[in-house]
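J.: Sharing a structure below in structure tokens format, with a few things to ask.
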Amino acid sequence: MHQINNMLRSIGTISRSVHTVFNIHCKELGFQRGQFVFLTRICERPGLQLIELTHLTRVDKTTTTRAVSKLISKGYVVHMRDAHDRRAWNLFPTKKGRSMYKKIIAEENVEAALCFSNFTVSEKKQLAALLYKVIGNIDSAWFEIKNYRQEVQS
């Protein structure tokens, strides 16, 4: 059991380290802590709704709403009423948002190259498969704890 706990701690260490470096680079671009996560998801899935973004990022609705509001006020994102559900809003990147997305992805590519610099292609594929399996195992608990329906997932 100790080894399994250490693996989870290692995953947490990796996540915090990458986010720390990313936050420093994104701060230079004018972003506040963690905002890049929301912008990248919106750019990669134009038209997604706030609840879908919440599910993708695995944070609470309040955090998502606050982050999206800041992105809208800075001109990176616009929201439009959903044509089928008038209560819902769809999120779209602006030209400015798509431009910033390219800079964020370029930095993400640098970080990924660093993290996986001595991995073979096979090892990268194996690690990706194992991590997706871990995510699949924890998803139901996350959705249950947050009282969300599990219909929208990454």
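J.: Please specify each residue of region 113-132 satisfying the condition of being in a helix (DSSP H, G or I) and under 17 Å from Ser15 (Cβ atoms).
T.: Once the filter is applied, which keeps residues that are in a helix (DSSP H, G or I) and under 17 Å from Ser15 (Cβ atoms), region 113-132 yields Leu114, Cys115, Leu127, Ala128, Leu130, Leu131, Tyr132.
J.: Out of all the residues in region 77-89, which are of a type in the set (A, V, I, L, M, F, W, C), surrounded by 13 or more Cβ atoms within 10 Å (Cβ to Cβ) and either at pLDDT below 95 or part of a helix (DSSP H, G or I) (or both)?
T.: Here is the first cut: in region 77-89, the ones of a type in the set (A, V, I, L, M, F, W, C) are 77-78, 80, 83, 88-89.
Narrowing further to those that are surrounded by 13 or more Cβ atoms within 10 Å (Cβ to Cβ): 77-78, 88-89.
Matches in region 77-89: Ala88, Trp89.
J.: For residues in region 90-123 being open to solvent by 80 Å² or more (accessible area, probe 1.4 Å) and β-branched (Val, Ile, Thr), which is farthest from Gln32 (Cα to Cα)?
T.: Val121
The values are calculated or read from the model by the stated rules, or taken from the named source; none is laboratory data. Not measured: the values here are computed from a predicted model. With ideal geometry, Cβ positions are generated from the backbone for all residues, glycine too; neighbour counts draw on all protein chains shown. We work out accessible area using only protein heavy atoms, side chains counted, and drop any ligands, DNA or RNA first. Shrake-Rupley method; radii C 1.70, N 1.55, O 1.52, S 1.80 Å.
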